[in-house]
Every structure is written in C-alpha cells, then in structure tokens.
Amino acid sequence: MNHLDIVKNLGLTEKEARVYLSCLELGSSAVSEIARRARINRVTTYDVLEKLMQRGMVNATTQEGTRSYDATDPAAIAADITQRARDFKSILPDLKRLRGDAIHPRIRYFEGLEGMKAIYEDTLRAKTEILNYCNSGEVRHYWPSYDEEYVRKRAKKKIFLRGIAPHDKHGISVHEQDKAAHREIRLVPNDQFLFSNEINIYDDKVSIISFKDQPIIGMIIESHAIADTQRAIFKMAWEFADGNGKNRRA
C-alpha cells in the first residue's frame with residue numbers, strides 16, 4: 001500500500017488524505033500552495049482543511065493577516081489512535097455483554113519453577129490487594145529465595161496481601177513477619193486444613209499453583225465473575241480463621 005492508501009485508512013476521503021500529505025510535505029503553507037500540491041481547487045481545499053482541523057490533523061496560524069496551515073505531527077496522531085484503540089478494547093467485555101455474547105474466561109498455563117515465578121510476577125502488577133491461600137513451607141521449599149525475590153518486591157510496591165495458611169512452623173514464622181512484609185496472615189489448624197497448592201485472587205484474576213504435581217504446574221484465570229466469587233469465598237474463610245490457628249466461633 002502507498003502512503004495515500006494508508007492515510008485514507010484512518011477514515012479520510014482521498015481529497016482529505018491528499019491535503020494532509022501535502023501539508024506534511026510543505027510545512028506551514030498558504031491554501032494556494034496546499035491546493036496546488038494536492039491538485040485540488042482552492043475552494044475545496046478550504047473545506048477539506050476545516051474538516052482536518054476538526055479531526056486534529058491540521059493546525060492553522062495567522063500572521064500579519066495571512067493564514068497558514070501545518071500538518072499535525074504524525075507521531076502524535078499515531079499515539080492518539082493507539083490510545084483510542086486501547087480505550088475501546090478496555091470496554092469490549094461490556095460491549096459484548098450488551099450484544100448478548102458470552103464472555104469466556106481467559107486461561108494461561110505455566111509449568112516448572114520458571115513458570116511458577118512468572119505467575120508470581122503477574123501478581124506484582126495487581127491494582128487490588130492480593131487474597132491468598134498458601135502453604136508457607138511448600139513455596140519456600142521449591143523457591144528458597146522467595147522472600148528476597150518476591151515478598152520484598154511486593155512489599156516495596158505497597159501491594160497488600162491477606163493470606164490464610166496452615167498453623168505449622170512455617171506458617172508461624174511467616175505470620176511473625178507480617179508487618180515488615182506488608183501483609184496479614186491468619187492461621188488455621190493444619191490437621192484440618194492442609195494446603196498443597198497456592199491460590200491468589202487479585203484484580204480480575206485467580207492464579208493457582210500446584211506443588212504436588214511434578215513438574216510444578218499453574219494457571220492464571222482471568223474472569224471478573226470467577227474472581228468475585230473467589231473473593232466472597234475467601235471472605236467467608238477469613239472470618240472463620242484466627243491469627244493463632246484456632247477456629248473462630250460465632
């Protein structure tokens with residue numbers, strides 16, 4: 001495709017595209033020069049320039065009674081188009097719901113230690129607090145530098161974590177460091193609730209890591225509905241749990 005066809009793909013007519021490219025080539029110029037370069041009559045060029053100005057693709061200046069026109073920087077136009085595309089993409093789920101389309105969860109799968117680390121890395125982009133079910137010993141067994149490489153990063157980013165963990169030596173040790181690690185852990189009896197995997201709930205995502213499978217496997221599920229349901233279940237469990245590993249009674 002040539003330049004004219006590509007510029008027309010921005011939603012311009014052929015005359016509008018020709019005038020824009022002429023302005024770009026000439027720099028700040030009078031209507032007569034632009035009309036000559038675009039091979040369009042002067043009256044029509046005035047109308048086209050007005051339309052391009054409304055679209056933010058051309059600017060006009062007046063000096064000593066003479067009006068000149070200049071093309072907007074193509075990089076600025078590209079950035080604006082990119083941002084508008086992002087904005088439109090961000091409301092796609094809502095638009096699909098309006099249309100009656102089913103929204104299917106997006107699921108990504110991971111494997112091995114590096115895959116597990118990629119899942120944790122994703123949580124470091126969380127805009128909400130992280131709700132967490134964990135086995136404090138399991139994750140540190142497979143990732144000995146977990147506290148240095150992940151927990152400190154999360155705390156530095158001020159991403160708060162609320163977690164539920166078994167009441168064992170690992171859970172107690174982690175619980176004692178809550179304040180420094182920007183989190184709150186509640187412990188549950190490990191003879192009743194022994195977790196062999198880890199679940200994190202954040203933003204519109206639920207991540208699951210299974211340490212018992214070899215190699216380690218994990219997934220990130222992106223679904224507003226699933227994340228909200230898991231938050232509600234976590235809230236129930238949170239009210240039941242006690243920081244000292246005892247069940248709370250009504």
Discussion item. Quick check on residue 81: is it within 23 Å of the chain's Cα centre (by Cα) and either surrounded by 14 or more Cβ atoms within 10 Å (Cβ to Cβ) or within 30 Å of residue 139 (Cα to Cα) (or both)?
Written reply: no
Worksheet item: Exactly one of (1) in contact with a Leu (Cβ under 9 Å, 6 or more places away or on another chain); (2) on the phi > 0 side of the Ramachandran plot is unmet by residue 70. Its number?
Response: (2)
Discussion item. I'd like the full set of residues that are of a type in the set (Asp, Glu), free of Cβ contacts under 8 Å to residues at least 24 places away in the same chain and part of a helix (DSSP H, G or I), limited to the range 7-65.
Written reply: 14, 25, 33, 47, 50
Response to the item:
Scanning the range 1-26 for residues that are surrounded by 17 or more Cβ atoms within 10 Å (Cβ to Cβ) and of a type in the set (Val, Ile, Thr), the one modelled with the highest pLDDT turns out to be 19
Worksheet item: Is it true that some residue in the range 204-225 is aliphatic (A, V, I, L, M) and out of contact with any strand residue (DSSP E or B) (no Cβ under 6 Å at 6 or more places or on another chain)?
Response: yes
Worksheet item: (1) buried (at least 19 other Cβ atoms within 10 Å of the Cβ); (2) over 27 Å from the mean Cα position of the chain (by Cα); (3) within 23 Å of residue 113 (Cβ to Cβ): which one isn't true of residue 187, the others all being true?
Response: (3)
Practice prompt. Inspect the range 67-88 for any residue being in contact with a Lys or Arg (Cβ under 7 Å, 6 or more places away or on another chain) and either among the charged types (D, E, K, R) or part of a loop (DSSP other than H, G, I, E, B) (or both) and give the result as yes or no.
Written response: no
Worksheet, complete the sentence: For residue 197, the lone unmet condition from (1) modelled with pLDDT under 90; (2) over 21 Å from residue 118 (Cβ atoms) is (2)
Discussion item. Which residue is surrounded by the fewest Cβ atoms within 10 Å (Cβ to Cβ), if the candidates are limited to the range 133-175 and must be within 26 Å of the chain's Cα centre (by Cα) and over 23 Å from residue 203 (Cβ atoms)?
Written reply: 148
Worksheet item: Does residue 112 meet the test of being under 21 Å from residue 35 (Cβ atoms) and not hydrophobic (A, V, I, L, M, F, W, C)?
Response: no
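The values are calculated or read from the model by the stated rules, or taken from the named source; none is laboratory data. This one's a predicted model, so the numbers in the text were calculated from it and none came from an experiment. Cβ: placed from backbone, ideal geometry, glycine included. Neighbour counts: every protein chain shown.
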